[in-house]
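The values are calculated or read from the model by the stated rules, or taken from the named source; none is laboratory data. Since the model is a prediction, treat every value here as computed from it, not as a measurement. Because the Cβ atoms are built from the backbone with ideal geometry, glycine has one as well, and the counts that use them run over all protein chains shown. Accessible surface is based on the protein model in full, side chains and every heavy atom, while ligands, DNA and RNA are left aside. Shrake-Rupley method; radii C 1.70, N 1.55, O 1.52, S 1.80 Å.
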Amino acid sequence: MKKPVVLRGYQFSVYNRIARVALHEKCVAYETQEIDPFAKDIPEEYLKRHPFRRVPVLSHGAFDVYETAAILRYIDAAFDGPALMPTDAKRAARVAQVVSIVDSYGYRPMVRQVFAHRVFCPAVGEESDETEIALGIKASLPVLDALNKLASEGHVLGREVFTLADCHLAPMIAYFVQAPEGAAALAKYSALVDWWASTSQRKSILETDPGLPLG
């Protein structure tokens, strides 16, 4: 029987993995459709689902939702399983804060600069840009510092409760630490180190590892 949930996205997209982590945490059966947002010939059918040519899109029956933060809120509300959004006001605010910090300030330096140029580019036979890596590390430090303070506070990014904040941050850190410079940067922030030591071993993180392109 065809599964009613379809995640349309790019295998190596960190945002695609964020959605997958949430689906795995909620134990939702789903199918995938590979969409390369960098391709010139993105299917017209996909563009009807996402007018901005980005990934991913979650389809649940006839209902489509794009923008990863919205996808995660839908997954949490629409399916059974452990709640990923706290009801406590302070914890809920911190979850939203982490998601916003990661999207606004973390994604580009940690993923597009550090991971992409140190790890992904060599994997696909392209040259790395050392300047981009250095700039990415510099821009990542205040992000890591802010997240470390939030983790130290105890409302979010802990070992006991897994939330949408963890879903959002974990795939980015997973990419970031594949670069030696990223791993060295993270090591300076003890609360994040403790969080990642636990989170990196979760079944949802291990099962959604996209690997790297072969050549």
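Among all positions in the range 41-52, there is no residue which is within 25 Å of Glu207 (Cα to Cα) and either among the charged types (D, E, K, R) or open to solvent by 60 Å² or more (accessible area, probe 1.4 Å) (or both).
Search the range 143-190 for residues being among the β-branched types (Val, Ile, Thr) and modelled with pLDDT of 95 or more, and hand back the single one that is most open to solvent (accessible area, probe 1.4 Å). Ranking the candidates gives Val177 first. Among the residues of the range 75-82, none qualifies, meaning not one is open to solvent by less than 60 Å² (accessible area, probe 1.4 Å), in contact (Cβ under 8 Å) with a residue 40 or more places away in the chain, within 18 Å of His155 (Cβ to Cβ) and in contact with a Ser or Thr (Cβ under 6 Å, 6 or more places away or on another chain). Considering every residue within the range 158-172, establish whether at least one is in contact (Cβ under 8 Å) with a residue 60 or more places away in the chain and among the basic types (Lys, Arg). No, the range 158-172 contains no residue that is in contact (Cβ under 8 Å) with a residue 60 or more places away in the chain and among the basic types (Lys, Arg).
Here is a check on your reading of the model: is Ala93 small (Gly, Ala, Ser) and open to solvent by less than 50 Å² (accessible area, probe 1.4 Å)? In short, no. Annotation note: of Ser204, Ser140, the sole residue that is open to solvent by less than 10 Å² (accessible area, probe 1.4 Å) and in contact (Cβ under 8 Å) with a residue 60 or more places away in the chain is Ser204. The set of residues from the range 118-131 being without any contact (Cβ under 8 Å) to a residue 60 or more places away in the chain and either under 20 Å from Val14 (Cα atoms) or under 19 Å from the mean Cα position of the chain (by Cα) (or both) comprises Cys121, Pro122, Glu126, Ser128.
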